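Report on the following structure.
The values are calculated or read from the model by the stated rules, or taken from the named source; none is laboratory data. Bear in mind the structure is a predicted one, so any value in this text is a computation, not a measurement. Every residue, glycine among them, receives a Cβ derived from its backbone with ideal geometry; neighbour counts consider all protein chains shown.
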Amino acid sequence: MRRVLLVVFASLAVLLAGCGSTIKPEGAAKSVTDLVKEQTGFEPTDVKCPEGVKAEEGTTFECKFTGPEGKEYTADMRITKVDGDDVQFYIETKPS
């Protein structure tokens with residue numbers, strides 16, 4: 001799988017926990033899964049993202065997943081915009 005650069009717009013209703021303070025790990029993982037599949041045709045099934053990530057512009061975090069050849073990949077994620085019910089991510093995936 002080659003290096004992939006992605007920008008994601010997602011609803012915070014899916015990605016935020018509680019009153020809007022942190023990103024839900026399963027919501028971030030779904031964004032990674034959906035976009036890797038869309039861009040490469042491969043659907044990762046084991047995406048793991050951290051808990052407790054603040055929903056603030058500039059926040060960065062990593063998600064991990066296994067690529068099609070069994071290699072571990074990292075999705076570097078950066079929140080570029082939070083506006084009401086929408087969040088914008090910049091995502092870059094690469095082999096770990």
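For Ile79, the criteria (1) touching a strand residue (DSSP E or B) at 6+ places or on another chain (Cβ under 7 Å); (2) modelled with pLDDT of 90 or more hold in every case but one, which is (2).
Taking the stretch 67-79 on its own, how many of its residues are of a type outside the set (Asp, Glu), surrounded by fewer than 17 Cβ atoms within 10 Å (Cβ to Cβ) and within 14 Å of the chain's Cα centre (by Cα)? Residues that pass the stated criteria total 2.
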